[in-house]
């Protein structure tokens, strides 16, 4: 099954380091960063999970939380968490799913046989409170992910959900944004009281409206 943006994230039940969960129930009213790692006790994954653990408060400020999956067992996950604590200086207190039969990994297209038939790729799904897939990123097993970019992506999604804007290249919180072309100049005058700059008729920039 191919998962596309706007699709409902497939539901599942699974054992995790925090006990058994039903995925949709666990999501609740939060945004979710759901990501896979190829295997426990691997160097790149150790750095990724440690960094994500440090983002707990950053994600919470955005009504977001993390959950991770690998094809190893809960027991292996628990043992590995100790290594992450020791080497990364951060405690992993988000759930790690045990997917020993690769059922969830297959459901979410995390197995790419032409890349490596034995492990999951480094997949990331951003899922909103309506259980819709809002973004997906696939990395090869060898490349560590940029989780600052994932936070930036959540910021952009939440901003553009609430205002008729889009975020330009390399946008960061506080930067100017782009008024979407479907908004007329007349409506833009009302919607964006801080004013806007017309670079081209289709390219109008305005200060970030929620700042």
If we scan segment 152-173, do we find a residue that is touching a helix residue (DSSP H, G or I) at 6+ places or on another chain (Cβ under 9 Å) and in a helix (DSSP H, G or I)?
-> yes
By residue number, the members of segment 65-84 that are under 22 Å from the mean Cα position of the chain (by Cα) and either closer than 17 Å to residue 22 by Cα or at pLDDT 95 or above (or both) are 65, 66, 67, 68, 69, 70, 77, 81, 84
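When the residues of segment 139-151 are narrowed to those that are assigned to a helix (DSSP H, G or I) and touching a residue at least 60 places away in the same chain (Cβ under 8 Å), which ends up nearest to residue 9 (Cα to Cα)? Walk me through it before giving the result.
Step one: filter segment 139-151 for residues assigned to a helix (DSSP H, G or I), giving 147-151.
After this cut, where a residue has to be touching a residue at least 60 places away in the same chain (Cβ under 8 Å) as well, the list is 147, 150-151.
Values: 147: 21, 150: 18, 151: 19 Å.
My answer is 150.
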The lone exception for residue 130 - which of (1) at pLDDT 95 or above; (2) part of a strand (DSSP E or B); (3) in the same structural domain as residue 59 (by TED's automatic domain parsing) it fails | (2)
Which condition breaks for residue 136 when tested against (1) assigned to a strand (DSSP E or B); (2) touching a residue at least 24 places away in the same chain (Cβ under 8 Å); (3) surrounded by fewer than 12 Cβ atoms within 10 Å (Cβ to Cβ)?
-> (3)
Count, please, the residues in segment 193-210 that happen to be loosely packed, with under 11 Cβ neighbours inside 10 Å and under 15 Å from residue 168 (Cβ atoms).
-> 3
If only one of 8, 47 is farther than 15 Å from residue 99 by Cα and either outside the structural domain of residue 137 (by TED's automatic domain parsing) or free of Cβ contacts under 8 Å to residues at least 40 places away in the same chain (or both), which one is it?
-> 8
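What is the residue count in segment 174-192 for residues that are surrounded by 10 or more Cβ atoms within 10 Å (Cβ to Cβ) and either in a loop (DSSP other than H, G, I, E, B) or within 28 Å of the chain's Cα centre (by Cα) (or both)? Explain how you work it out, then say what you get.
Of segment 174-192, the ones surrounded by 10 or more Cβ atoms within 10 Å (Cβ to Cβ) are 175-181, 183-185, 187-189, 191-192.
Checking which are either in a loop (DSSP other than H, G, I, E, B) or within 28 Å of the chain's Cα centre (by Cα) (or both) leaves us with 175-181, 183-184, 192.
Qualifying residue count, segment 174-192: 10.
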For segment 154-174, does any single residue satisfy the condition of being touching a residue at least 12 places away in the same chain (Cβ under 8 Å) and closer than 24 Å to residue 46 by Cβ?
-> yes
Considering only residues that are surrounded by fewer than 17 Cβ atoms within 10 Å (Cβ to Cβ) and closer than 26 Å to residue 57 by Cα, look in segment 140-154 and name the one that is modelled with the lowest pLDDT.
-> 143
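The values are calculated or read from the model by the stated rules, or taken from the named source; none is laboratory data. Note that the coordinates shown come from a computational prediction; the quantities given were computed from them, not determined experimentally. Every residue, glycine among them, receives a Cβ derived from its backbone with ideal geometry; neighbour counts consider all protein chains shown.
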